[in-house]
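The values are calculated or read from the model by the stated rules, or taken from the named source; none is laboratory data. Because the structure is predicted, anything quoted here is derived from the model rather than measured. Cβ placement follows ideal geometry from the backbone for every residue including glycine, while neighbour counts extend to all protein chains displayed.
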Amino acid sequence: MLGVGRWGPRGRDEPAGTGGLAQGGAVENEGERPRPGRVDAAERDAWVVLSEVEGVGPITFGRLITAFGTARGVLDAATGPRAVSTLVEAAADDGGGSGLPAVVARGIAAAAADPWRILGPIAQAGVDVLVVADDAYPGRLRRVALPPPVLYVRGSVGSLDRDRAVSIVGTRRPTTIGRATAARIADAVAGLGATVVSGLALGIDAAAHTAAVSGARPTVAVIGGGHERLYPAAHRGLARRIVDTGGAVISEFAPQTVPSRGTFPRRNRIISGLADATVVVEAGARSGALTTAAWALEQGRSLFIVPGRLDDPSVAGCLAFLREGGPDARIVAGIPELLEDLGLASGLASGERSAETTSAAPRTPRGSSAAAVLAALPPVARRIAGEVVAGRTSVDELVAATGHGGATVLGVLTALELQGLVVEVFGRYRAAGPLATAAGRARVPLPGTGVAGVPADPGRAA
C-alpha cells in the first residue's frame, strides 16, 4: 500500500514473521499477548543493555530471552566461554539457520562486559524506564505484534494508558487549513477526555500537541530519537509544556540516540499502537504519516483520513490511501461526525475493530449529537453555544455567563446562526439543528462537558 505494504514496516533487524515479548521475556505464541508482571531492577537493567545493542530488535530479543530465560541470563552467557557461538546458536531460527549475525553477538558480549557504558547516560538523563513485562507498560502497545521491549519516558507514565486515546498525524508542511483542522480535531478529542498522541514533528503533529496543551489536557509525544537529542530542537519548549500539563514524551531509543532517517519510521508503529484510532489530516504522496496509517490497519485499530481537494499535493497521499485502503480507511466527513465515529461523544471508547464492525453493512447516515457538535466548536463558540443550550437566550445573559464582551458574543452568535446551530427570534437566541434536542434537557451534563451541558473552557471559570 503506497510503498508501505498492507502489513507495515518492521523493526531494525527483523524480517516479517512471528514473535514478540511475553512476561519474563518469553516469545509469545501466535495469537497470545504479553502478560504484565513484576520486573526487578537488575533484570530491567539487563533488558535495557540488551535492547540497546545495535541489531537487536524485538524478534531477536524475544528469541534470546526464550533461549536463556531472562535478560540477565543472556548477558551472563555473553560473558562466558564461547560467548559468540553460544549466542548465535541460541538465536537460530526454526529452520536451523542463524538468526543472529556474529557481529551482533559480539556487540552483546561487549555490552555485557561493560553495561555501565549504556546504563550510565540513561541514569544521568533522569528518564523513567518501562519494559514490556512491567505492570505500567501501556496495555494497547503491549498488544501489538512488535511492542518495543523498552520505553524511555519523561512525564506521566499514567498518561500512556488512559481509557481513550487518538493519534493525530500528518505532513510536516501543512497548509494553513490543515494546521487549523488538526488543532480543531485535537481540541475536540481532548475535550471529550481522550489522550492526543502524535510525533512532536513540525506541522500537523505540533498543531495537535499544541491544541491539547493549550487546553491543559494530556498529550503523548513519541519521538524518533533520544530525549537528550530531541528533534526538532525548536520543540523543546513544546515538549516541556507536554510534560507540565500531565502528558509524556516517550521513545524506544536511549536518551543519547541521534535521530536518523531510519528511526522515524520505527516510532510510527508506537504512535498508532498507543491509540484506539489514528486520524491522518494532511499527507503528501510520500509522507511518513502514511506509514502510521498502515501500522494502524495492521494493528487492528481504526483509521480515519481527512480528504482534500483533487490535485492538491498536500493531500495526495490521503487520497491515494483512501483509494487503495478500501473499507478499512474511513473518511472524516466533519469533526462532529468524527467524534461520533470514534465513540467519544456517546462516551463509548473506540477500540480495536471487531469482526462484527468490519463486516457490518453500511450505516444509514444520521445527524451528529449535541455533544459532538459542541466539542467540535472552537473554545469561545463552544462556551457561548453551551450557554444557549442551557437556556440563556439574551446577549446580556450570555455576556454575564461567559465573561466575554458584547461584540464577541454577537459575532459568535452570528457565526452560529450561519451554521444553523442557533436562531434569533425577537432578540432572543435559541438552539437549533442538532443543539435543539439538548436544549430541552439543558441541566443534564453531556459527555466531556461541565454542568448544564457546557463543555469545560480552561480559559475561563464557569
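Do you know which residues across the stretch 188-221 are polar (S, T, N, Q) and within 17 Å of ARG154 (Cβ to Cβ)?
Result: THR195, SER198, THR219.
How many residues does the stretch 282-326 hold that are touching a Pro at 6+ places or on another chain (Cβ under 8 Å) and closer than 17 Å to VAL197 by Cα?
5
Can you say whether ALA381 is part of a helix (DSSP H, G or I), under 23 Å from ALA186 (Cα atoms) and not basic (Lys, Arg), as far as the supplied structure shows?
Yes.
Could you please tell me which pairs satisfy a Cβ distance under 6 Å, a separation of 6+ or placement on different chains, a first residue in the stretch 226-246 that is more than 18 Å from ILE204 (Cα to Cα), and a second residue that is outside any helix (DSSP H, G or I) and of a type in the set (A, V, I, L, M, F, W, C)?
Qualifying pairs under 6 Å: GLY226/PHE253; GLY226/ALA254; HIS227/VAL127; ARG229/VAL258; THR245/ALA216.
Failed condition for GLY391, given (1) outside any helix (DSSP H, G or I); (2) surrounded by 18 or more Cβ atoms within 10 Å (Cβ to Cβ); (3) not charged (D, E, K, R), with all others met?
(2)
What are the pairs, 6+ residues apart or on separate chains, where a residue within the stretch 63-92 that is modelled with pLDDT under 90 has its Cβ under 9 Å from a residue that is among the charged types (D, E, K, R) and assigned to a loop (DSSP other than H, G, I, E, B)?
Listed pairs, sorted by first residue: ARG63/ASP93.
Identify, from the list THR176, THR181, THR171, the residue that is free of Cβ contacts under 8 Å to residues at least 24 places away in the same chain and polar (S, T, N, Q).
THR176
So, in the stretch 233-281, of the ones that are of a type in the set (D, E, K, R) and part of a loop (DSSP other than H, G, I, E, B), which residue ends up nearest to ALA329 (Cα to Cα)?
Across the stretch 233-281, the extreme among qualifying residues is ASP276.
Being of a type outside the set (A, V, I, L, M, F, W, C), over 20 Å from the mean Cα position of the chain (by Cα) and closer than 18 Å to LEU202 by Cβ: is that true of SER287 here?
no
Does the stretch 357-375 contain at least one residue that is at pLDDT 80 or above and not hydrophobic (A, V, I, L, M, F, W, C)?
No, because not a single residue in the stretch 357-375 is at pLDDT 80 or above and not hydrophobic (A, V, I, L, M, F, W, C).
Taking the conditions exactly as written (in contact (Cβ under 8 Å) with a residue 40 or more places away in the chain, acidic (Asp, Glu) and closer than 23 Å to SER159 by Cα), does GLU282 satisfy them or not?
The answer is no for GLU282.
Is the stretch 116-135 home to any residue that is surrounded by fewer than 23 Cβ atoms within 10 Å (Cβ to Cβ) and under 16 Å from the mean Cα position of the chain (by Cα)?
no
If only one of ARG261, ARG236, ARG229 is surrounded by fewer than 24 Cβ atoms within 10 Å (Cβ to Cβ), of a type in the set (Lys, Arg) and within 20 Å of VAL129 (Cβ to Cβ), which one is it?
The conditions single out ARG229.
How about the stretch 169-194: which of its residues are crowded, with 24+ Cβ neighbours inside 10 Å, more than 15 Å from GLY334 (Cα to Cα) and under 15 Å from the mean Cα position of the chain (by Cα)?
VAL169, GLY170, ALA190, ALA194
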